[in-house]
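Here the structure comes first, spelled out in structure tokens, and everything after it is commentary.
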Amino acid sequence: MLIIISTSGGIGGTGLGGTEKRVETDSLDTPLREKVCDRFDPATLKTLAGSAAGLRGADRVVYHLTVIDGAGDRHRFDIPEAAMPANMLDMLDTL
Amino acid sequence: MCAICDGHARNPITCIVPPHMLEVLAIRGSKKTAAMARSLLDQTRKVRHERAEFRTGRAMLEEAGAMGGFVSTALSRAATQSNLDRAIHDGEGKAGLPGKLLRKEGDPASGDAAVDEAYDGAGNVYRLYFEAFSRDSLDGNGMKLVQTVHHRRNYNNAFWNGEQMVYGDGDGEIFQKFTELSVIGHEMSHGVVQFSGGLLYEGQSGALNESFADVFGALTVQRKLGLEAHETDWLVGKGILGPDIRGVALRSMKAPGTAYSDALLGQDPQPYHMDFFVNTTGDSGGVHINSGVPNHAFYLFAQYLGGKAWEKPGTIWYQTMQRLNNPVATFAQWAAQTVEVAIGLHGAGSLEVLFLKRAWKLVGLPV
Ligand SMILES: [Zn+2]
């Protein structure tokens, strides 16, 4: 599974900066790979994206995630960081 | 057919409530009403599934009595007693909020620069609102100022989450810090907007929300340094960019579009005039982009008038926010409200009103 991560929004309107991040899950160690594959499963992300309406606050970042699964299918999601659980954000910081 | 009702238990009330009204209820309703509105918005989204339209946030108003019974308590009740109460937490590089409490009200300096800047900065912002506008904290009712520093790892952002302020440390390359005074003032002012009736965080109302935060962030710095309009640089986020970034700040109210021009960060996209208004779906409809227009109008007005910008111009902007009562306001509606407030304060034939109208006209928003 390949995960392509980019961001937009934030206080500068420029996202978190930097180029898009690409994570090839096959290159991760087994325990982390399993956690990442579970957390970034397209069905899970779809549920997360669907719960993102009416969020509070300002200057929040939006994550743009593209997941290419084992069959080669692309799944694209735009998910506000405010809709993501803290442990998912911590995981994103380690990738 | 109402999208919300499709496939769900029919409720005649929810059936006739269009999404834009739900957005307002999510801001202004009681906790229960707001939760219902958010739930219905979620359902609307699910019906419209596969559409990738997500927003970075929603300004929310805390309960103000019955549904639809919003009153700006901050305007109706002038604060006479200071209830400054700060709590600074250490996020310890993680995303969980608020993190470990490091410094509370009255504690001595912690020795951690970000903690102490957040503590001192919040004091400066509190005093601006309390001493200049008789407002007791973000909610006008002595709300505790909770801030978290060292949020996440190499995090290039600061934000208001609807309940507290949060600051990353930056990655040292694009950004080197976020606990700069105008940024602290900016984030806290998002809280003031939220508790003043709110401005939907999208399109022109979102850009007005952003502009209000920039204006009062800049005014916090000016007031702390005792600078008059002609003596200050009108920069927001001065000095927070990385050492090799070609730029001076996040935004310039004096010259929108000139704050930075860099290979990594790109070109500052802010317009200074409606002729250059940017139509985009990104950045919640360009909230951090088109805020350049009302930002520049405030700058022009303050320059024409001279003196301390947090006094007459700041009071007009602050009272406009309190009286607006329109969470989906356009730039033109905001401009008209500032003129109405200025007429009430200074008279229709006053120099203040003349200069204010001139400022709005110069950015392409004649009133
Ligand atoms: Zn902002």
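The values are calculated or read from the model by the stated rules, or taken from the named source; none is laboratory data. Just so we're clear, the structure is a prediction, and the values are computed from it rather than from any experiment. All Cβ positions, even for glycine, are placed from backbone atoms using ideal geometry, and neighbour counts span all protein chains on display. Just so you know, the surface numbers come from the protein's heavy atoms only, side chains and all, with ligands and any DNA or RNA stripped out. Shrake-Rupley method; radii C 1.70, N 1.55, O 1.52, S 1.80 Å.
Tabulated data
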read-out	value
Mean separation of Cα contacts under 8 Å, 6 or more apart, over the residue count of segment B:244-326: relative contact order %	21 percent
Whole-Å distance, taken between Cα centres, linking segment B:327-358 and segment B:216-277	25 Å
Reciprocal of mean inverse Cα separation for chain A (Kirkwood radius, Å)	13.8 Å
Heavy atoms of residue A:64: accessible area, 1.4 Å probe, square angstrom to 10	40 Å²
Rough spin-label spacing in nm, given labels placed 7 Å along Cα→Cβ, for residue B:311 and residue A:93	4.5 nm
Modelled label reach - residue A:21, point 7 Å along Cα→Cβ, segment A:59-76 residues with backbone N closer than 15 Å	A:61-67
Order of exposure, largest accessible area first, which applies to A:29, B:120 with probe 1.4 Å	A:29, B:120
Per-pair calculated FRET efficiency, R0 = 41 Å: residue A:47 and residue B:104 via Cβ, rounded to 0.05	0.60
Set of lysines with alpha-carbon distance to residue A:35 below 21 Å, sequence-local pairs under 8 removed	A:21, A:46, B:94
Segment B:130-255 pair-distance distribution - Cα-Cα, 5 Å bins, rounded %	2, 11, 19, 22, 21, 16, 7, 2, 0
Where A:3, A:68 fall by accessible area, highest first, once all protein chains stay in place (1.4 Å)	A:68, A:3
Calculated FRET value between residue B:336 and residue B:279, using beta carbons and R₀ = 25 Å, to 0.05	0.65
Residue B:261 paired with residue A:30, simple spin-label distance in nm, labels 7 Å along Cα-to-beta-carbon	5.6 nm
Segments A:77-87, A:6-16 sorted - mean Cβ within 10 Å per residue, highest first	A:6-16, A:77-87
Where B:248, B:278 fall by accessible area, highest first, once all protein chains stay in place (1.4 Å)	B:248, B:278
Computed accessible area, residue A:48, all protein chains, 1.4 angstrom probe, square angstrom	30 Å²
Förster radius 45 Å - calculated FRET efficiency between residue B:228 and residue B:348, Cβ distance, rounded to 0.05	0.95
